[in-house]
Each structure stands twice: as structure tokens, then as C-alpha cells.
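What follows is a single structure, written as C-alpha cells, with notes after it.
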Amino acid sequence: MEEPQPKPSKQRQTNIYAYFSIGFQLVISTGLLGIGGHFLDDWLKISFPLFLLLGIIVGLTASVMKILRQLNGK
């Protein structure tokens, strides 16, 4: 006979949602700035993807800083 599985606590569910939101923040900010950089490169007719790379770097940096502040509770 199988024992019933314990339900996850409210605290654990809250942490899961917090981690999902952190992941979405990372993907969305990096993606939006990368796409914006790509369109800017196309608009300026630049052969090297300068603004694409800058957008990705700025998006990752801003996301990591926000995530660190959020995890530290500030």
C-alpha cells in the first residue's frame, strides 16, 4: 500500500515562484536588449553585431545585479 505524498509547504511554493520569476527576469531582460541591439545593428547597417553584444552584456549584468539584490533581501 502506498503512503500519501506530503503536500509541499506554503514556504516551499513561494520559493519556487520566486525562482521562476528570477529566471524570467534574466531571460526577458537579456532577450529584449539583445533583440533591440540586433535591430539597431540592422538599422545602422553595421556588419559586426556590436549593439547585439552590448545589449546582451548589459542585460545580463543588470539581471545579475537585480537578482543579487533580490536574493539578499534589499
I'd like to compare 16-26, 54-64: which one has the highest average count of other Cβ atoms within 10 Å, and what's the full order after that?
54-64, 16-26
Simple spin-label estimate for Leu32/Tyr19, 7 Å along Cα→Cβ, in nm, reads 2.5 nm
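Where a number appears in this text, it was derived from the coordinates with a stated rule and is not lab data. None of the values given here were measured: they were computed from a predicted structure. Glycine also receives a Cβ, built like all others from the backbone with ideal geometry; neighbour counts cover every protein chain displayed.
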